[in-house]
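The structure appears right after this line, and notes come after that.
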Amino acid sequence: MTSSAHALDIQGHRGARGLLPENTLPAFTRALEIGVTTLELDCGLTKDGVVVIAHDRALNPDFTRDAHGRWLESAGPAIHDLTYSKLRRYDVGRIRPGTPYAQRFARQQARDGTRIPKLADLFALVRERGDASVRFNIETKLSPLAPGETAPPDVLAKALIEAVAQAGMETRVTIQSFDWRTLQVVQKEAPSIATAYLTAVKSSPRNVAPGSPWTAEFHVADHGGSIPRTVKAAGGAVWSPAYGELTQDELREAQALGLKVVPWTVNSEADMKRLIEWGVDGIISDYPDVLKKVATARGGKSER
């Protein structure tokens, strides 16, 4: 299968992390300007129950400054321990110079004064732009290995479902997670919302290892060693593997089972070209501008 055979879902990772501060409204705006088909993002829950867009369970010192403009010296408070009004005091609009994060994303442009947004803020931004087609791929950020750092899986999942429903976005949202417990809650409480099962075999968090606490008791060993069959048994609509771990045989197997396959996080043109040629259903990238260019050059078309 080649790129011309189907529409490619172009997903901007954390908005457009390679270009603007991750998981912020400026990054999502840039991704929309590029023409992504899906905004990929992460969510957590504040102490007072607000669903916010953030990747880390605690404030990240690589790009967080306090109300006085001082860089955090280490990981800050857990988002779950802060009310939204207190969370808003932190500036996440610039990478701290000299960090490995800064070296990794040298193209990222700063936007001083940028705050961690509510999920509702992103939905409002999209409505204000009159965009009736872009989708949202929302990851629940929690870990069975650190239960005290976030809301429990059912609480987070139900709060996210409610926020999506309040915005009327159920048909445009996919909820994804490495922690499959939240996905089981979504499938039970809101079956109209698609679920995407994230996997990492060799990279962190290695969530499909034998006896893993991440997979809601759906174990690969019980399904002939097949990750696609395990995802299908768990009720997923999408399988989202680490891109370097995906094989062509697994891709064919997953698609034959009716799963869409959307690998993460693909940033080199060579890897983009290879995966498009293989026929993946979508790609998550920190550089949606590059992905859009590669997909267009190879005769692909987006879903929008």
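Taking 30 Å as R0, compute the FRET efficiency from the Cβ-Cβ separation of residue 237 and residue 162 and round it to 0.05.
About 0.90, to the nearest 0.05.
Please report the spacing between the Cα centers of segment 96-165 and segment 28-58 in Å, no decimals.
2 Å
Show the residues, 5+ positions off or on another chain, whose built amide H is closer than 5 Å to the amide H of residue 135.
38, 39
Counting Lys +1, Arg +1, Asp -1, Glu -1, what net charge surrounds residue 261 among other residues with beta carbon under 9 Å of its beta carbon?
Summing Lys and Arg as +1 and Asp and Glu as -1 gives -1.
What nm distance separates the two modelled labels at residue 132 and residue 47, each placed 7 Å from Cα along Cα→Cβ?
4.3 nm
Identify the GluC sites (Glu not before Pro) of segment 26-78 meeting these criteria: DSSP loop state and at most 12 other C-beta atoms within 10 Å of the C-beta.
Working: sites: 33, 40, 73; in loops: 73.
Hits after loop and neighbour filter: 73.
Using a Gaussian network model of the chain with C-alpha springs under 10 Å, which one of 90, 101, 287 is most mobile by mean-square fluctuation?
101
So in the chain, what percent of DSSP beta bridges are antiparallel if you round to the nearest 5?
In the chain, approximately 20 percent of DSSP beta bridges are antiparallel ones.
Short version: ³J(HN,Hα) in whole Hz for each residue of segment 223-230, in order, from phi by Karplus 6.51 cos²θ - 1.76 cosθ + 1.60 (θ = phi - 60°), x for Gly and Pro, what are they?
Here the 3J(HN,Hα) series is 10, x, x, 9, 5, x, 5, 5 Hz.
Of the cross-linked pairs 141/273; 202/292; 86/118; 47/158; 118/202, which ones have a Cα-Cα span greater than 23 Å in the structure shown?
Flagged as over cut-off: 141/273; 202/292; 118/202.
Under the rule a/c < 1.5 gives rounded, and otherwise a/b versus b/c splits prolate from oblate, where does segment 76-213 land using the Cα gyration tensor?
Since a/c reaches 1.5 but b/c is at least a/b, the shape of segment 76-213 is classed as oblate.
Excluding residue 43 itself, calculate the net charge of residues whose Cβ lies under 14 Å from the Cβ of residue 43, where each Lys or Arg counts +1 and each Asp or Glu counts -1.
The answer is -3.
Determine the gain in length on full extension of the stretch residue 250-residue 33; use 0.36 nm per residue of separation and subtract their C-alpha separation, reporting nm with one decimal.
The residue 250-residue 33 span can extend by a further 74.8 nm.
Most fluctuating residue of 97, 153, 26 in a GNM of the chain with Cα springs under 10 Å: which is it?
Maximum fluctuation in the GNM of the chain, among the listed residues, is at 97.
Rounded if a/c is under 1.5, else prolate if a/b beats b/c, else oblate: with a ≥ b ≥ c from the C-alpha gyration tensor eigenvalues square-rooted, which is segment 82-155?
On the way: a/c = 1.57, a/b = 1.04, b/c = 1.51.
Oblate, since a/c reaches 1.5 and b/c is not below a/b.
Could you give me the ³J(HN,Hα) list for segment 44-58, computed from phi with Karplus coefficients 6.51, -1.76, 1.60 and θ = phi - 60°, whole Hz, x at Gly and Pro?
Using θ = phi - 60°, the values come out as x, 10, 6, 4, 9, x, 8, 7, 10, 9, 7, 8, 8, 5, 10 Hz.
Give the residue from 147, 163, 126 lying farthest towards the positive end of the charge dipole for segment 74-181; charges sit on Cβ (+1 for Lys and Arg, -1 for Asp and Glu) and the dipole is referred to the Cα centre.
Working it through, the farthest residue towards the positive pole turns out to be 126.
Using each residue's phi in segment 168-175, evaluate 6.51 cos²θ - 1.76 cosθ + 1.60 at θ = phi - 60° and report the 3J(HN,Hα) Karplus result to the nearest Hz, with x for Gly and Pro.
Coupling constants for segment 168-175: x, 10, 3, 7, 10, 10, 10, 10 Hz.
Grab the alpha carbons of segment 148-228, take their convex hull, and tell me the volume per residue in Å³.
Output value, Cα hull per residue: 106 Å³.
In nanometres, what is the gap between the two model label sites at residue 101 and residue 73, each 7 Å from Cα along Cα-to-Cβ?
In this crude label model, residue 101 to residue 73 measures out at 1.8 nm.
Neighbouring Cβ atoms within 10 Å as the yardstick, rank 188, 86 fewest first.
By the 10 Å Cβ count, ascending, the order reads 188, 86.
Mind grabbing the base-10 log of I(q)/I(0) for the chain at q = 0.13, 0.14, 0.16 Å⁻¹? Debye formula, identical points on the C-alpha positions, no solvent, two decimal places.
Cα-only, vacuum Debye calculation for the chain: -0.91, -1.07, -1.41.
A short reminder: the numbers here are calculations on the coordinates, not readings from a lab. Since we're looking at a predicted model, the values are computed, not measured. Neighbour counts are summed over all protein chains in view; Cβ atoms, including those assigned to glycine, are modelled from backbone coordinates with ideal geometry.
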